[in-house]
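What follows is a short report on a single structure.
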Amino acid sequence: MHENLKKEDKEVYEILLKEEERKKKTLEMIPSENHTSLAVLETLSSVFNDKYAEGYPKARYYGGNEHIDEIEVLCQERAKELFGVPFCNVQPYSGSPANMAVYFAALTPGDKVLGMHLNAGGHLTHGWKVNFSGKYYNSFFYGVDKETSLINYDEVEEIAKREKPKLIFAGTTSYPRIIDFKRFREIADSVGAYLCADISHISGLVVARAHPTPADYAHIVTTTTHKTLRGPRGALIMVTKEGVEKDKELPEKINKAVFPGLQGGPHEHQVAAIAVCLKEAMKPSFKEYGKQVVLNAKTLAKELIKNDFNIVSGGTDNHLLVLDLRNKEISGKKTQELLEKAGIIVNKNAIPFDPKPPATPSGVRLGTPAITTRKMKEEEMEKIAKLIRKVVDSKTENVALEVKKEVEEMCLQFPIY
Ligand SMILES: *Cc1c(COP(=O)(O)O)cnc(C)c1O
């Protein structure tokens, strides 16, 4: 592979080989990552990359877009079928610009938005102060309950009724439980707000029927395509039947917000690769994949608890879990570093009401999407829990390096391709 690159540019080629080797020999347990198929990777490195296609199918600002139109329409049709929605824009460069386009379509600067607090598991683009969403819009936050670590829907309702936001975000990056989209919609309706379900983390589970769909409740659904959906980097913005009923111009507003509001030429190689990942996600085997992702996460949570770990909210219903490390007297940062030495890739993460600052939070976030793509099952989760304990309890680099050998052996038994 990479014959041409090898000839043309040794430097890049060699770094690429090292990255391939790293992926091969480590357990990727960051819940927002995955291993895409070779079909997706091939499409990404195809001639679709070269074309300028500002505009939309049949209404482009450049010539020569006959086949680009075909690929973009195919991608739209697959997304609509898979998620059960009447409209989908497939052009957003990534999840953050997709959410930005939703603000542009539904709000004017200064309008009120309600999202989940970052420390509770929300995303930067849901109103955080250093992000465009908190700078140009008036943002308010809901969190989780101090006792249960679950979303407190009564609190969401109370804040919504007090602040009357025009847009409510339901979507998270580190919340391990099922989201009640129906309840969110009732709250949105009580104040006339748009409800946007940002299912970036869970879209693969949604299409696998391993998490309830927001399509019957949210007006707008956004998702990245590179997390549990297992596609290229990119994003989708969908308007549901409910959304069209609330505002029949919403699809047009979304299209205008993406182009010319926010972006120029779409990345059509990315759009083509999204089409491929959507086809993969339609297969029965993807349903099995999604179910196994959840089963693996639940098993991992159970085994970690057996190994004397505390887990935020006591477990998980989806693809991720957050370790609360306060009983282990080690920071999330140190844990991330030691586990990386052992070949287990995780990320430090705040726990709800974290007493520590964001740079050295009290938790780490673990997920099963990528290791499930490698076909690992419950038995491996049991092993991984023990390995994590060994590293964290020892707090030493030597033990981490010992564990690394076991991790590599395991990885070799479960090749990515
Ligand atoms: C990952 C994520 C995003 C942003 O996606 P990027 O592609 O990193 O910009 C937005 N919202 C949620 C909930 C996410 O998990």
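Readers should treat all values here as calculations from the given coordinates under stated rules, not as data from a laboratory. On a predicted model such as this, the values are computed, not experimentally measured, just so you know. No Cβ is skipped: glycine too gets one built from the backbone with ideal geometry, and neighbour counts run over all protein chains shown.
Shape verdict for segment 42-281, please, from the Cα gyration tensor: rounded (a/c under 1.5), prolate (a/b greater than b/c) or oblate. Note, shape of segment 42-281 comes out prolate. Evaluated with a Cβ-only charge set (Lys, Arg +1; Asp, Glu -1), segment 42-281 carries a dipole of roughly 340 debye about its Cα centre, given to the nearest 20. Our note on the geometry: Cα centres of segment 277-299 and segment 335-374, 23 Å apart. For segment 42-281, DSSP calls about 45 percent of its internal beta bridges antiparallel.
If I take every Cα pair under 8 Å that is 6 or more residues apart in segment 240-324, average their sequence separation and divide by the length, what percent do I get for the relative contact order?
Numbers: 41 pairs, mean separation 15.0, N = 85.
Once normalised by length, the contact order is 18 percent.
Summary value for segment 265-417: 24 percent relative contact order, contacts being C-alpha pairs under 8 angstrom separated by 6+ residues. Remark: relative contact order (the chain) = 22 percent; criterion is Cα-Cα distance under 8 angstrom and separation of 6 or more residues. Dipole magnitude for segment 323-376: computed about the Cα centre from +1 point charges on Lys and Arg Cβ and -1 point charges on Asp and Glu Cβ, it is near 140 debye. When only alpha carbons of segment 288-413 are considered, Rg and Dmax amount to 13.6, 40 Å. The residue among GLY134, PRO86, GLY121 whose Cα reaches farthest toward the positive pole of the charge dipole of the chain, with charges on the beta-carbon of Lys, Arg, Asp and Glu, is GLY121. In the distance distribution for the chain, Cα-Cα pairs more than 30 Å apart total 43 percent. Of interest is the spacing of the C-alpha centroids, which for segment 107-133 and segment 377-417 amounts to 37 Å.
Is there a quick way to get the dipole size of the chain? I mean about its Cα centre, with the Cβ of Lys and Arg at +1 and of Asp and Glu at -1; what is the value in debye to the nearest 20? Dipole magnitude for the chain comes out near 600 debye.
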